[in-house]
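Only the coordinates and a few stated rules stand behind these numbers; no lab work does. Keep in mind the model is a prediction, meaning the values are calculated, not measured. Counting neighbours? That spans all protein chains shown, and the Cβs are built from the backbone with ideal geometry, glycine included.
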Amino acid sequence: MSAPAMGPSKTIQGDAAPRKKRGPGALATAYLVIYNVVMTAGWLVIAVGLVRAYLARGSYHGLYYSIEKPLKFFQTGAVLEIVHCAAGIVPSSLVLTGFQVLSRVFLTWAVTHSVREVQSEDSVLLFVTAWTVTEIIRYSFYTFSLLNHLPYLIKWARYTFFIVLYPMGVSGELLTIYAALPYVQKAGLYSITLPNKYNFSFDYYSFLILAMVSYIPLFPQLYFHMLRQRKKVLGHVEDFSKTD
């Protein structure tokens, strides 16, 4: 969900700019089916890893270490979605997809991986759990859609679970970045100070603060956009205030 280190989590592929466009050819469709099946399986591995580690330890603390490698691999594998957009085999916005994917990759590598002190934070488990459930549903949705056999349950889950998972993921992301700040500042991580031969400076600590601030305008826009998409696709918005 995304979100992510520089904005909320990924929205629905192609939702940002609905277009009437011919679908991918047979070869591209076959490739996309394989890609989405592999990614679904990958995130299922992460989910199983989290559950097994929890059952073995009897605690949710430090579960990140049990799924660190597959998380890095499959989250980084999402970079191929940018390639898919650039190649024109999916109708998604290249800019939006690139922003959303790279922001999650950024949080995975430039924050959680780079600042090892935050890896035991509960906030990491919060966004990892949100991402895991979201991606299992999302890639399953894409797979069945490509096969022209989309079960209503998956469609419903795709456009409903984000109501909880999106804020959950964003909260975990923000709390993780916040927890990383003192360590980044103390170590001067990824910062460039003057003087240097390039006459250029960069303060990673300030960059992370700006990244957190960017959630303020971006999160509500994307969240309400997804709510509108839910109403459009499912035909209604469930009224939770009604009783039988």
- [ ] Report those helices (runs of 4 or more DSSP H) wholly inside the range 86-176 carrying at least 1 residues which are surrounded by 22 or more Cβ atoms within 10 Å (Cβ to Cβ) and among the small types (Gly, Ala, Ser).
- [x] 94-106, 122-146
Open item on the list: Residue under question is residue 235, and the condition is that it be small (Gly, Ala, Ser) and within 14 Å of the chain's Cα centre (by Cα); does it hold?
Closed with: no
Task: Residue match in the range 64-82 (condition: surrounded by 18 or more Cβ atoms within 10 Å (Cβ to Cβ), over 11 Å from the mean Cα position of the chain (by Cα), of a type in the set (D, E, K, R) and over 25 Å from residue 178 (Cβ atoms)) - done: yes
Open item on the list: Tell me yes or no: at least one residue of the range 184-195 is surrounded by 15 or more Cβ atoms within 10 Å (Cβ to Cβ) and free of Cβ contacts under 8 Å to residues at least 40 places away in the same chain.
Closed with: yes
